[in-house]
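K.L.:
Let me give you the structure first, and then I'll get to my questions.
Every number here is computed from the coordinates shown, using simple stated rules; none is lab data. Because the structure is predicted, anything quoted here is derived from the model rather than measured. Reconstructed Cβ throughout: ideal geometry from the backbone, glycine too, with neighbour counts over all protein chains shown.
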Amino acid sequence: MYEELDEIRKNCENCQNCPLGKTRTKLVFGCGFPNDKIMLIGEAPGYWEDQKGIPFVGKAGQLLDKILECQGFSRDKNIYITNTVKCRPPENRVPAPEEKKACRSYLDAQIELLKPRIILLCGGTAVQSFLDTNLGITKVRGKWFDGPYSSKMMPIFHPSYLLRNDSREKGSPKWLMWQDIQEIKRAYDAL
Ligand code: URA
């Protein structure tokens, strides 16, 4: 699996299909344990990801790792992590539809290779890439949808959103995320 992923990465390495190829520092292709069970798709690399070439390594990424690890998921052992676009949009803006479109073949190739049974759509941008809905993340999070290659997809809150919402009270974003990650673990264990 590593070699095939590396082939896709090599194609991506010099990509100039959209303007982000010119402004990025490093390509942020994906990381973690390539496997056929669970993949997480975020929005786009931010400052630290662009510096290091690894997804979710900033503050939001550290929170994401903590949440995943609470249920035994980790990049070393069992989850593969990537984004809808592989290059950082300047000023961390949301990737434009043309940028997502230009990058889509790389994401599709990653999904086609791994064929994960569970895909986590982390945040609104990832949700919009896969679900044909105008509903916001708060309406769709925690629900299962049919995904590519018979996968099940679940939208979850983006960790940046959780960083901005500190409450852990019942019904708060952090509390809801906790429900979702437990449901994800149940589905994973049942695979
Ligand atoms: N936010 C994302 O959506 N992806 C990253 O890789 C980092 C922050």
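K.L.:
How many nm is it between the label spots at R168 and V94, if each spot is 7 Å from the Cα in line with the beta carbon?
P.N.:
According to this spin-label approximation, the distance is 3.0 nm.
K.L.:
Suppose each label sits 7 Å from its Cα in the direction of the beta carbon; what would the E183-L135 distance come out to in nanometres?
P.N.:
In this crude spin-label approximation the distance works out to 1.0 nm.
K.L.:
Which GluC sites (Glu not before Pro) in the range 79-117 pass both tests, a DSSP loop state and at most 13 other beta-carbon atoms within 10 Å?
P.N.:
Passing sites in the range 79-117 do not exist.
K.L.:
While we're here: If I take every Cα pair under 8 Å that is 6 or more residues apart in the chain, average their sequence separation and divide by the length, what percent do I get for the relative contact order?
P.N.:
23
K.L.:
Now, a different point. Subtract the Cα-Cα distance of K115 and Q16 from 0.36 nm times their separation in residues, and report this length gain in nm to one decimal.
P.N.:
Extra length from K115 to Q16 when fully extended: 33.0 nm.
K.L.:
In addition: If I take R0 = 25 Å and measure r between the Cβ atoms of T25 and Y2 in this structure, what FRET efficiency does the formula 1/(1 + (r/R0)^6) give, to the nearest 0.05?
P.N.:
0.55
K.L.:
Follow-up question, since we're still on this one. Compute the Kirkwood hydrodynamic radius of the chain, taking the inverse of the mean of 1/r over all pairs of distinct Cα atoms, and give it in Å to one decimal.
P.N.:
Evaluated on the chain, it is 16.6 Å.
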